[in-house]
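Notes follow once the structure below has been shown.
No value in this document is a laboratory result; all are computed from the given coordinates. This is a predicted model, so every value here is computed, not measured. Cβ sites come from the backbone with ideal geometry, for glycine too, and all protein chains shown count toward neighbours.
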Amino acid sequence: MKIALVVFVGVIVVAVVAYLLLFPRNTFISLSRPSGGAVTFSRTGVSVEGAPDRFATNGFGHIEPYVSRLLVPTNHFKCLSMFTPDGTRGFGFDARDAVVHACLMVEWRQESQRETAIRAFFSSLGIAPSRDYLAGNGGVSDATRVLEYPVTGSTAEVTALTKRILKELCGVTPAEALDISYREK
């Protein structure tokens, strides 16, 4: 009985050490599911995200109800993302404490012109970035420029801005397919 207890405790200790080594702080491992969505593992837990809502045509025509939900003030963190089905073109919003931010990411070494266009677009609207930093991507510590801009306005105004961002900064046309995800935590 004592040997079984010692072995059990040993296995638990090894499991905890392996967990801490596999998941250092600020590390996330995401696995895509065949049906869409993802499972993300981190030091603090596991999260399961459902598949996005897929709109095969006229993606722009489906944006407004999601923006309306995003703009309702709550104490919860909310996230809205709109991307083409291949995941290469699009952007997202986040909202917390009734403050909404447009979040755009750029591989700044390869897309310097796109970064310049994003900055010029928001500057022309009189909006300065609320956050501007370099983030890691694929093991490269400063590969991705993250630009967040505060957004205000009515549902119609934010929807119109969303469509402009998708069209002018992300190269998405109104008739294209969009995958739209909305989450509230």
Take the Cβ-Cβ distance between residue 125 and residue 69 as r, set R0 to 30 Å, and report the resulting FRET efficiency rounded to the nearest 0.05.
-> 0.80
How long is the gain from residue 184 to residue 89 if the chain were fully straight, where each residue apart is worth 0.36 nm and the alpha carbon distance is subtracted?
-> 31.9 nm
Can you spot the aspartates and glutamates whose alpha carbon is less than 15 Å from residue 163's alpha carbon? Ignore those fewer than 8 places along the same chain.
-> 64, 176, 179
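Between residue 167 and residue 97, what's the calculated FRET efficiency when r is the beta-carbon distance and R0 is 35 Å? Round to 0.05.
Numbers: r = 29 Å, r/R0 = 0.84.
E(calc), rounded to 0.05, equals 0.75.
So if R0 is 30 Å, what FRET efficiency would residue 175 and residue 111 give, r being the distance between their Cβ atoms, rounded to the nearest 0.05?
Working: r = 25 Å, r/R0 = 0.82.
With a Förster radius of 30 Å, E is 0.75.
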Normalised Cα Rg of the stretch 62-105, dividing by 2.2 N^0.38 Å with N its residue count, works out at 1.18
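Rounded, prolate or oblate, given the Cα gyration tensor of the stretch 52-184, with a/c below 1.5 counting as rounded?
On the way: a/c = 1.44, a/b = 1.21, b/c = 1.19.
Taking the square roots of the gyration eigenvalues as a ≥ b ≥ c, the stretch 52-184 is rounded.
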